[in-house]
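What follows is a single structure, written as structure tokens, with notes after it.
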Amino acid sequence: MKYVIVVGLIGLALVGRIAPHPDNFTPLLAVALFGGAALSGGIAYFVPFAALFISDLLLENSFTWMTLVIYGCFLVGVGLGRWLGKERSWAKTGLVAASGSMLFYLVTNFAVWITPNGLYPHTLDGLIECYWLAIPFFRNSIAGDLIWTGILFGLFDVAQIWIKSQRQDLRRLA
């Protein structure tokens, strides 16, 4: 069953990244959070890494130091999912998804600003401009992250309730 979840999460992240979508509106952070909360060991970190790596190959994205920054943000997302763990509430889940979105926005845009010979001057005004111009992408990121996180964890909760009811039905029949 674990491998079905792993393949399903990687598949969802791949399709969500490759299929046409608004900029940054993907299930990647939700997959990282869910993997961290639901999967054990290194497999939780493997899921977003595999999805990113395979989709980068399919999209013919170049691998640069920004790739490391982006991958790192999603691996931190797995850590946030681990923090959610089994004692998860919907408020905590929403807070973690929003925090992951904010982390991605702050870290990746700082990395864009600090890139030598990059798009923005290495001044306070350049940093402010970098963050300002990225707000539309952040809006899409946080919307996608909250929606996809709600879908993944919601489906998981519904499946858990259904499985529990089936077990109770079997006990009554026995």
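Need the full-extension length gain, I43 to E129, defined as separation in residues times 0.36 nm minus the C-alpha distance. One decimal, nm. Mind dumping the intermediate values first?
On the way: separation 86, 0.36 × 86 = 30.96 nm, distance 3.82 nm.
That pair, I43 and E129, stretches by 27.1 nm at full extension.
Return P(r) of segment 99-174 (all Cα-Cα pairs; 10 Å bins starting at 0; whole %; ordered from short to long distances).
Whole-percent P(r) values from 0 Å outward: 17, 28, 18, 13, 11, 8, 4, 0.
How large is the charge dipole for segment 1-107, taken about the Cα centre, if only the Cβ atoms of Lys, Arg (+1) and Asp, Glu (-1) carry charge, to the nearest 20 debye? Working shown, then result.
Numbers: 6 positive and 4 negative charges, 87 e Å.
Taking the Cα centre of segment 1-107 as origin, the dipole is about 420 debye.
Return T115, T26 ranked ascending by Cβ neighbour count within 10 Å, so the fewest neighbours appear first.
Final ranking by Cβ density, sparse to dense: T115, T26.
Which label belongs to the value computed from this structure, given these candidates for Rg and Dmax of the Cα atoms in Å: [x] 21.8, 80; [y] 15.8, 51; [z] 18.1, 72?
[z]
Using the Karplus curve 6.51 cos²θ - 1.76 cosθ + 1.60 with θ = phi - 60°, work out ³J(HN,Hα) for each residue of segment 128-140 in order, rounded to whole Hz, and write x for Gly and Pro.
4, 4, 4, 5, 4, 6, 8, 4, x, 5, 5, 4, 5
Go ahead and run the numbers for FRET between I163 and L95, Cβ-Cβ distance against an R0 of 25 Å, rounding to 0.05.
Computed FRET efficiency for I163 and L95: 0.40.
Using only Cα atoms, locate the centre of segment 110-174 and the centre of segment 1-41, then give the distance between them in Å, rounded to an integer.
After rounding, the separation between the Cα centres reads 10 Å.
Values quoted throughout were computed directly from the atomic coordinates according to the rules given, and no laboratory measurement underlies them. For clarity, every value in this text was computed on a predicted model and none was experimentally measured. Neighbour counts run over all protein chains shown; Cβ positions are idealised from the backbone, glycine included.
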